[in-house]
1. Can you work out the PRE-style zone for LYS199? Point 7 Å along Cα to Cβ, and I want the residues of the stretch 83-117 with backbone N under 20 Å.
2. Hey, which of these cross-link pairs are over 21 Å Cα-Cα: LYS56/LYS199; LYS105/LYS184; LYS158/LYS199; LYS105/LYS199?
3. Might you work out the accessible area of ARG119 for me, using a 1.4 Å probe with all protein chains in place, and round it to the nearest 10 Å²?
4. In the stretch 66-210, if the dipole is taken from +1 on Lys/Arg beta carbons and -1 on Asp/Glu beta carbons about the Cα centre, which of PRO181, PRO76, ILE167 is farthest to the positive end?
5. Work out, step by step, the length gained on full extension between PHE174 and ARG61: first 0.36 nm times the residue separation, then minus their alpha carbon distance; give nm to one decimal.
6. What area, in nm² and to one decimal, does the C-alpha convex hull of the stretch 33-181 cast on average over all directions?
Amino acid sequence: MDDAVRGVPARGSLAVSRRSTTDGVSPRPAKRSASRSTREAGGRGWLEREFARWLKVHAGRFPVRLVPTREEEGIPTAYRFRGVPYLELHVHHGNFEVWVLYRGKSMDIIMELDIWLRRSRHGNYHCASCIVPKDYPTKTLIAAEHSFEPFLAWCTEKFRDDQFLSIYEASKGFSWANIRPMDKVEADAPGVAPNIFVKPVLRRRPSKAR
């Protein structure tokens, strides 16, 4: 798995999460139960709506264009990256993940910045999956700082001409993927699994989104 995933902005760093099983995606761990001072918040489709609104304003900051591929009730829940094959962004029920897809199969979740949204009795929002939760006054603010801005930073780092997508598959269907410079690709999982392929992450030179 790549060096980005579940966002824990309150700690000031990104932690690595490896999630690969027979279909390339491990079951999501049970969510932590909320304390008496918190309750579930957001409602159905809240993160999808927040991202669609945020992207309209910030699309020009991305190195490639995000194109909706699926919708629910008129709100995009999945996006492909123009000029970046095999990757797809999934935004659904608090999940915010980039999947690696190969021949119709999910090989890995290469980036995840999910939000398990909770609201305190005082009205502030926080992510229940963060080790050190940070309070935000609005859902819009927690979505942008916890997930959308780190996602933009990840895209800016990974969608470059010197980055390569490598996919690996071991026995019993276990698989994983990385996006790294070529000199680091050659050091990935030596002798553990044959790589399916290594290709430049960009199919063409990126252009600014319009």
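The values are calculated or read from the model by the stated rules, or taken from the named source; none is laboratory data. Nothing here was measured: the structure is a model prediction, and the numbers come from that model. All Cβ positions, even for glycine, are placed from backbone atoms using ideal geometry, and neighbour counts span all protein chains on display. Surface accessibility is based on the protein's heavy atoms, side chains included, excluding ligands, DNA and RNA. Shrake-Rupley method; radii C 1.70, N 1.55, O 1.52, S 1.80 Å.
1. Hits in the stretch 83-117 for LYS199 at 20 Å: 83-90, 98-111.
2. On the way: LYS56/LYS199 30 Å; LYS105/LYS184 25 Å; LYS158/LYS199 13 Å; LYS105/LYS199 18 Å.
Pairs exceeding 21 Å: LYS56/LYS199; LYS105/LYS184.
3. The accessible area comes out at roughly 70 Å².
4. The one lying farthest along the dipole's positive direction is PRO76.
5. On the way: separation 113, 0.36 × 113 = 40.68 nm, distance 3.50 nm.
Computed gain between PHE174 and ARG61 is 37.2 nm.
6. Numbers: hull surface 41.9 nm².
Over every viewing direction, the Cα hull of the stretch 33-181 projects on average to 10.5 nm².
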